[in-house]
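Asker: Below you will find the structure I want to go over with you.
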Amino acid sequence: MTTVQERETIAIQFAEKMNEDEMLNCMRCGFCLPHCPTYIESGLKESHSPRGRIALMKAVADGVIEPDRDVERSLSLCLGCRACEPVCPSGVKYGHLLEEARDIIHQNKKHSFPVKTIRKAVFSGLFPHQERMQTMTSLLGFYQKSGLQYMARKTGVLNMLPDNLAAMEKVLPKVPKKSEMKNRPTELPAIGTPLKKVAFFSGCLMDTMFLETNKATLKLLQLAGCEIVIPKSQACCGALHGHSGEKAGAKQLAKRNIEAFETEEVDYIITNAGGCGAFLIDYDHLLQDEPEWHDRAISFKNKLKDISQILVDLRFQEKVRLKLPAQSVTFQDSCHLRNVMNTSSAPRILLQSIEGIDFREMKDADRCCGSAGIYNIVESGMSMNILDSKMEHTKSTQADIVVTANPGCLMQMQLGIERENLGECTKAVHIADLLIKAVAL
């Protein structure tokens with residue numbers, strides 16, 4: 001906070017908008033502490049734990065302390081992984097408190113001109129517009145295919161970037177042509193006997209930078225007996241907005257998605273990105289103050305399923321032979337898939353059903369990898385500390401393949417593999433991409 005007036009306004013809004021009952025539900029028992037990555041990596045600093053952050057929120061709301069830089073820093077350093085929620089005996093919805101607090105701070109803080117410009121470009125100018133996402137991705141494709149990438153690496157220009165960003169450039173996926181991104185199907189038939197009709201949430205990054213994973217997901221759904229519709233009017237899920245203090249923008253995107261999917265008469269809405277799925281399933285909370293939209297959001301969330309869960313529910317692994325050359329595999333949970341969508345066993349069931357796979361459970365596979373949207377860029381120090389710990393557990397499995405269920409996790413694990421020089425012996429893949437390779441067609 002830079003001015004007294006800003007701090008006063010933020011304190012008033014904390015008192016008015018923060019859910020006091022939810023904050024009081026925290027019993028300060030400490031069950032959350034061993035599950036919080038920032039608490040552990042900060043050297044057990046209380047203010048960097050869920051319990052400590054809730055105490056700070058309550059103190060600001062009660063007027064006991066000012067919303068100063070230390071408060072903002074504590075909230076900014078949180079990954080939002082929500083690992084604290086499943087272990088909380090009181091069922092505190094910490095993620096909801098965090099997003100409300102961040103929104104209040106960011107909406108009442110005067111950002112510098114460069115920061116304001118970047119935020120507007122990203123949150124208003126880019127992510128809500130899929131055609132612009134396609135254009136940006138195609139520019140990345142031009143960089144990769146034109147020789148610019150080769151020259152940048154050969155001349156050492158990338159060495160001018162921070163180490164983690166330079167390494168991240170090396171793990172960017174090969175992006176598709178713009179024509180591929182634009183010519184997407186809107187309907188696909190089931191292969192074999194139709195069992196369910198589903199709608200597919202294609203996402204913004206998933207349907208551009210990770211288009212091949214979306215293609216694999218759709219083929220798996222078809223093989224499982226699903227008729228598929230892909231609404232063209234759907235939009236970005238709004239997770240980046242919601243986690244970054246842009247609640248109004250997140251609401252707009254939520255409403256667009258609810259409208260896009262509610263006209264489709266389907267059994268389920270399928271996602272293949274844990275981060276997107278977790279935000280989608282919280283639309284009812286996001287729109288709780290708008291009764292008409294709240295009820296529609298509940299109907300929307302009740303149909304949501306992750307790709308791994310629908311496959312297991314339809315007994316895909318029993319109907320389709322899955323086989324790969326002999327190799328060892330471990331699984332890194334998507335925090336949001338596990339902690340918010342409550343999906344953790346389904347991916348493991350699918351992986352262990354593949355012939356030739358030696359599945360090896362990773363220690364603390366449920367602990368965040370440090371990606372958390374753009375956290376690994378804006379909080380690179382903490383992110384890399386968390387990733388280093390994750391890579392120690394990854395190496396201990398001696399697995400050939402690290403499987404993930406979220407694009408951010410995938411790139412973070414690839415970054416860890418690059419930093420540890422494990423590229424010759426270890427690969428990271430999305431579960432849909434591994435499964436489609438395992439299908440014996």
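The values are calculated or read from the model by the stated rules, or taken from the named source; none is laboratory data. As the structure is a computational prediction, the values presented were derived from the model and not from experiment. A quick note on method: Cβ atoms are made from the backbone with ideal geometry, for glycine too, and the neighbour counts reach across all protein chains shown. Note: areas computed on protein heavy atoms with side chains; ligands, DNA, RNA excluded. Shrake-Rupley method; radii C 1.70, N 1.55, O 1.52, S 1.80 Å.
Asker: What is the percent of Cα-Cα separations in region 302-431 that go past 21 Å?
Answerer: Value for region 302-431: 39 percent of Cα pairs lie more than 21 Å apart.
Asker: So what J values fall out for region 104-110 if you push phi through Karplus, 6.51 cos²θ - 1.76 cosθ + 1.60 with θ = phi - 60°, rounded to Hz, Gly and Pro as x?
Answerer: Here the 3J(HN,Hα) series is 4, 5, 5, 6, 10, 10, 7 Hz.
Asker: Please state the Cα pair-distance histogram of the chain with 10 angstrom bins from zero: what percent is in each bin?
Answerer: Here the calculated profile for the chain is 4, 20, 31, 28, 14, 3, 0.
Asker: Cysteines without a disulfide-compatible partner in the chain, using Cβ under 4.7 Å as the rule?
Answerer: So, 26, 29, 36, 78, 88, 226, 369, 409, 425.
Asker: Say a paramagnetic label sat at a point 7 Å from the Cα of residue 16, along Cα to Cβ; which residues of region 45-74 have their backbone N under 20 Å from it?
Answerer: So the set is 57-68.
Asker: While we're here: Order 129, 336, most accessible first, counting only protein heavy atoms with a 1.4 angstrom probe.
Answerer: From most accessible down to least: 129, 336.
Asker: For the chain, what does -39500 (n - 2.57) per DSSP helix run (n ≥ 4), summed and divided by total residues, give at 222 nm, in deg cm²/dmol to the nearest 500?
Answerer: Value at 222 nm, helices only: -14500 deg cm²/dmol.
Asker: Going by a ≥ b ≥ c, the root eigenvalues of the Cα gyration tensor, does region 264-305 fall in the rounded group (a/c under 1.5), the prolate group (a/b larger than b/c) or the oblate group?
Answerer: Oblate shape, in that a/c is at least 1.5 and b/c is the bigger or equal ratio.
Asker: Also: Kindly sort 165, 435 by accessible area of their heavy atoms, largest first, with the probe set to 1.4 Å.
Answerer: Result, largest first: 165, 435.
Asker: Another one. Heavy-atom accessible area of residue 319 with all protein chains present, probe 1.4 Å, nearest 10 Å²?
Answerer: Surface accessible to solvent at residue 319 totals approximately 130 Å².
Asker: What residue among 42, 138, 146 has the largest mean-square fluctuation in a Gaussian network model of the chain, using Cα springs under 10 Å?
Answerer: Judging by the Gaussian network model, the answer is 146.
Asker: Follow-up question, since we're still on this one. Once amide H atoms are placed 1.01 Å from N in the peptide plane, what residues at a sequence separation of 5 or more from residue 400, or on another chain, have their amide H within under 5 Å of its amide H?
Answerer: The answer is 328, 329.
Asker: Just check region 2-83 against the gyration tensor rule for me: Cα atoms, a ≥ b ≥ c as the square roots of the eigenvalues, rounded for a/c under 1.5, and otherwise prolate or oblate depending on whether a/b exceeds b/c.
Answerer: oblate
Asker: Calculate the radius of gyration of the Cα atoms of region 363-433 to one decimal place, then report Dmax, the largest Cα-Cα distance, as a whole number, both in Å.
Answerer: 11.2, 31
Asker: Calculate the spin-label point distance for residue 186 paired with residue 129, positioning each point 7 Å from the Cα along the beta-carbon direction, and give it in nanometres.
Answerer: 2.2
Asker: What list of ³J(HN,Hα) couplings, whole Hz, do you get for region 406-421 from phi and the Karplus terms 6.51, -1.76, 1.60, once you set θ to phi - 60° and write x for glycine and proline?
Answerer: Those phi angles translate into 7, x, x, 4, 4, 5, 5, 5, 5, 5, x, 4, 5, 5, 8, 6 Hz.
Asker: Taking a virtual spin label 7 Å from the Cα of residue 315 along the C-beta vector, which residues in region 402-441 bring their backbone nitrogen under 14 Å of it?
Answerer: Counting backbone N atoms under 14 Å from the label point, the list is empty.
Asker: Rolling a 1.4 Å sphere over the protein heavy atoms, what is the accessible area per residue of the chain, to the nearest Å²?
Answerer: Per residue, the chain has 45 Å² of solvent-accessible surface.
Asker: Assign one of three labels to region 120-161, namely rounded, prolate or oblate, based on the Cα gyration tensor with a ≥ b ≥ c the square roots of its eigenvalues; rounded applies when a/c is under 1.5, prolate when it is not and a/b is larger than b/c, and oblate otherwise.
Answerer: Since a/c reaches 1.5 but b/c is at least a/b, the shape of region 120-161 is classed as oblate.
Asker: Next question, about the same structure. Would you mind telling me the antiparallel percentage of the DSSP bridges in the chain, rounded to 5?
Answerer: 10
Asker: Looking at region 253-335, which GluC sites (Glu not before Pro) are DSSP coil and have at most 10 other C-beta atoms within 10 Å of their C-beta?
Answerer: When the GluC sites (Glu not before Pro) of region 253-335 are filtered for loop state and at most 10 Cβ neighbours within 10 Å, 265 remain.
Asker: Would you please calculate the Kirkwood hydrodynamic radius of region 183-302 over all C-alpha pairs and express it in Å, rounded to one decimal?
Answerer: The Cα-based Kirkwood calculation yields 14.6 Å.
Asker: Now a separate question. As a test question: what accessible area, to the nearest 10 Å², does residue 329 have when a 1.4 Å probe is rolled over all protein chains in place?
Answerer: For residue 329, solvent-accessible area is about 0 Å².
Asker: Follow-up question, since we're still on this one. Kindly state, to the nearest 0.05, the FRET efficiency for residue 69 paired with residue 295, given R0 = 41 Å and r defined as their beta-carbon distance.
Answerer: In this case the efficiency is close to 0.50.
Asker: Could you put 357, 12 in order of accessible surface area, largest first, with the 1.4 Å probe and the full protein assembly present?
Answerer: 12, 357
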